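Presented below is the structure to which this report refers.
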Amino acid sequence: MAIIKVEDDKLEFWCTGCGAYHSVPLVGDDPWFFDGDYERPTILPSLVLHRVTETGKVVNTCHLCLTGGILYYLSDSEHRMRGQNIPLESRY
């Protein structure tokens, strides 16, 4: 079973830390590298996301690497998964 979705030139996966889907572009000016493995994917470079509240405040920064199907949450992530390594969860 695939743990990622590739559609419309984007790769999408479930982020356990944020409780939301994240996606990265696979084409365009600055595409991410995807190794083609749908079971244990690797994307490069790392992914940094910032959520912005209605008041414009940046919160819940998520910084991760996805390597071999493992989400490596980096120490500057602001959610509960900071510093942890979690297998990518299947949502498709």
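The values are calculated or read from the model by the stated rules, or taken from the named source; none is laboratory data. Just so it is clear, the model here is predicted, and its values are computed rather than measured. FYI the Cβ positions are ideal-geometry reconstructions off the backbone, even for glycines, and counts take in every protein chain you see.
Observations, loosely collected:
- Residue match in segment 15-26 (condition: aromatic (Phe, Trp, Tyr), under 22 Å from Arg82 (Cβ atoms) and modelled with pLDDT under 95): yes
- Pick from segment 43-92, criterion touching a Cys at 6+ places or on another chain (Cβ under 7 Å) and of a type outside the set (A, V, I, L, M, F, W, C), ranking: surrounded by the fewest Cβ atoms within 10 Å (Cβ to Cβ): Ser46
- Odd one out for Arg40 among (1) on the phi > 0 side of the Ramachandran plot; (2) surrounded by 13 or more Cβ atoms within 10 Å (Cβ to Cβ): (1)
- Every residue from segment 31-65 that is touching a His at 6+ places or on another chain (Cβ under 9 Å) and either touching a residue at least 12 places away in the same chain (Cβ under 8 Å) or polar (S, T, N, Q) (or both): Ser46, Leu47, Val48, Leu49, Val59, Asn60, Thr61, Cys62, Leu64
- Of all residues in segment 66-81, those that are in contact (Cβ under 8 Å) with a residue 40 or more places away in the chain and over 20 Å from Leu26 (Cβ atoms) total 5.
- The residue of segment 69-92 that is modelled with the lowest pLDDT, among those that are of a type in the set (S, T, N, Q) and assigned to a loop (DSSP other than H, G, I, E, B), is Ser90.
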